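The values are calculated or read from the model by the stated rules, or taken from the named source; none is laboratory data. Since the structure is predicted, the reported quantities are computational estimates derived from the model, not experimental observations. Virtual Cβ from ideal backbone geometry, glycine too; neighbours counted across all protein chains shown. Ligands, DNA and RNA are excluded from the accessible area calculation, which covers all protein heavy atoms including side chains. Shrake-Rupley method; radii C 1.70, N 1.55, O 1.52, S 1.80 Å.
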Amino acid sequence: EAAPKNITVEFLAPVSLTHFTITSGNDTPNRDPLNFQILGSNDGESFEPMYTRESEESLWGDVRLQVNKFTLDEAVPAYKFIRYECTYTSGDLHQLTEIEYFGDFDSTDNDSDGMPNWWEELYGFNPEDPADAALDCNGNGLTNLEEYQANLDPCDDEVPVVVSAQTDNTFGTVTVDFSKAMDLATAEDPANYSFDPALGVTAATLNGKTVTLTTDAQTPGGTKYTLTVTGVKDISQFEVPAGSNTASFFTYYLTRDGVLTYK
C-alpha cells in the first residue's frame, strides 16, 4: 500500500467544480490510484470531499494513457483550493499522467458592474462601487470593464520592447522576440517592419511574444541588418516606443571547409 499522495491547486478565485478528468500513467497498473478523493478548501487548510472513489480495481485496467471523465452528481460549493488525494494503490508506488478540473469561477458581483468580486479584489478595486468599471487603471484607453471582458490585466502599464531579432540559414526568415504578448492585428502587419539595408517583408506570423517574418532573400556572409518596428502594440494596446523598437543581426556565413575559433 502506497503512502498517501496529494497535489493541491490554488485558483485565482473560488471555482465551482462540475467535472474532472484523470489520465492513467504509462507504467504498470499496480501504480494506479484505487482509493482517492477530490477535495475543496477556501483557506488551504480545511478540506471537504467533493468526490470519493474506493475500489480494488484500477480505473483503466491494462490500458495506459487513457482519459477518464468524472461528473459530480450534484452542485458543490465554490472552492479556491482543489486537492487530489490518493490513499491506496495495489503496489508501493503511485502514478498519474494528468488531472484536469472543469467548472465556473464564482460570479458574485455585489455592485452589479459586470466585474465579479474576486476580480475586483485581485486588482485592488472596490466590489461595492460600480463607478470603477468605467475607470481606466493603466491609461491605455480601455475601461476596467473592457479589460475584464478581454481577460487582461487592467493595471498593467509596462510598455513592450523589442528584445532581439535573429535570422537562420534559409536567408528568408527573421524571428523577432518582444518582451510581452503582442496584439495580433498590429504584429501581423508586414508594413510595421522595416530593415536597413532595405529588405522586403512579405508576411508576419505571431505566436505569443514572438513574430516570425518572411523576407526577401537576405545577403549571406555576415551582412548586418537592423530591424525597426513601428506601430506594433501589445495585448494591452501599448505601442512599442521609439528607442526600444530596433534590433540588429548578422546573416550566416556558409562554408564547407575550415575551422572557426571563438575567443
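Just a few scattered comments:
- In the stretch 1-30, the residues that are over 23 Å from F81 (Cβ atoms) and of a type in the set (D, E, K, R): E1, D27
Conditions tested, residue by residue: (1) of a type in the set (D, E, K, R); (2) closer than 21 Å to F11 by Cβ; (3) open to solvent by less than 20 Å² (accessible area, probe 1.4 Å).
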position: G124; (1), (2), (3): no, yes, no
position: E128; (1), (2), (3): yes, no, no
position: D132; (1), (2), (3): yes, no, yes
position: L135; (1), (2), (3): no, no, no
position: E147; (1), (2), (3): yes, yes, yes
position: N151; (1), (2), (3): no, yes, no
position: D157; (1), (2), (3): yes, no, no
position: Q166; (1), (2), (3): no, no, no
position: T173; (1), (2), (3): no, no, no
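- In the stretch 192-263, counting only strands (runs of 3 or more DSSP E) that sit wholly within it, the ones holding 2 or more residues that are open to solvent by 80 Å² or more (accessible area, probe 1.4 Å) span 201-207.
- Screening N117 on (1) without any contact (Cβ under 8 Å) to a residue 40 or more places away in the chain; (2) open to solvent by 30 Å² or more (accessible area, probe 1.4 Å) shows it passes everything except condition (2).
- Residues of the stretch 112-139 that turn out to be of a type outside the set (A, V, I, L, M), over 22 Å from the mean Cα position of the chain (by Cα) and in a loop (DSSP other than H, G, I, E, B), as a count: 12
- The set of residues from the stretch 1-39 being in contact with a Cys (Cβ under 8 Å, 6 or more places away or on another chain) and aromatic (F, W, Y) comprises just one member, F36.
- Residue tally, condition under 25 Å from L152 (Cβ atoms), polar (S, T, N, Q) and out of contact with any strand residue (DSSP E or B) (no Cβ under 7 Å at 6 or more places or on another chain), over the stretch 179-229: 1
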